[in-house]
1. First select every other residue whose beta carbon is under 10 angstrom from the beta carbon of E126; then total the charges, Lys and Arg +1, Asp and Glu -1.
2. What is the calculated FRET efficiency for E183 to E24, with r their C-beta to C-beta distance and R₀ = 22 Å, to the nearest 0.05?
3. Can you tell me how much longer the chain between S31 and K151 gets when fully stretched, taken as 0.36 nm per residue apart minus their C-alpha distance, in nm with one decimal?
4. Mind telling me which of T76, T152, T138 comes out most flexible in a GNM of the chain, alpha-carbon contacts under 10 Å?
5. From a point 7 Å beyond the Cα of A100 in the direction of its Cβ, which residues of region 36-74 have a backbone N at a distance under 15 Å?
6. Gaussian network model of the chain, Cα springs within a sub-10 Å range: biggest mean-square fluctuation belongs to which of V30, V55, V11?
7. Taking H placed 1.01 Å from N in the peptide plane, check which residues at least 5 places from I109 or on another chain put their amide H under 5 Å from its amide H.
8. For region 11-99, I need the span (max minus min coordinate) of the C-alpha atoms along each principal axis, in Å, sorted largest to smallest.
Amino acid sequence: MNISSYINEGVKARQSINPQEIEEIANIIVSALKNGKKVIAFGNGGSAADAQHFVAELVGKFLISRKPYKAIALTTNTSILTAIGNDYGFEEVFSRQIQALADKGDVVIGISTSGSSENVVNAVIEANKRGAYTIALTGKSGGKLKGYANKTIFVNSELTPIIQETHITILHLICMLVERKLE
């Protein structure tokens, strides 16, 4: 792959974003936040970074100076991650936090480029049990996540970096709409 083909793959992936899906997710988040609920996001590696970036935009600001929104990334506390990983296994690092933190009506966003990260799938399943609204951001074929989340957005690419870059674009679009609707 050369630079031009990589750029073209990224453009193609972003052009496949469905604005109606973004609007739907933003409306779900707005409704939850208006009702005193929170947004919880998580993923592994680059998807963990995407989850943290998204939450930073919600708690801090995206484009508009405004009050902070209730949001948390499950990837930031190394003591929790390593304790759960050591005592229960890495496949439980997010689901155990969901048990502690998620409430009915919260919005839970699992991010996995493959859609098959066991710890992300387990957390989405747990969030469903707790009555949260679950969203999956994935790529490739959607993996196991597409069968468990209430709403799945998958990026039509086989390239992990392109999927990650498109996920952050999707998350930025959601932030933009949430701010517009709440401010």
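Coordinate-derived values only; no laboratory data. Computed from a predicted model, the values in this text were never measured in an experiment. Neighbour counts run over all protein chains shown; Cβ positions are idealised from the backbone, glycine included.
1. Numbers: positive: R96, K129, R130; negative: E92.
That works out to +2.
2. Between E183 and E24 the formula returns 0.65.
3. Full-extension gain reported as 41.6 nm.
4. Comparing T76, T152, T138 in a Gaussian network model of the chain, the most mobile one is T76.
5. 41, 72-74
6. Of V30, V55, V11, the most mobile in the Gaussian network model is V11.
7. Under 5 Å from the amide H of I109: I40, A41, F42, I135.
8. Dimensions of region 11-99 along the principal axes of its Cα atoms: 41, 35, 21 Å.
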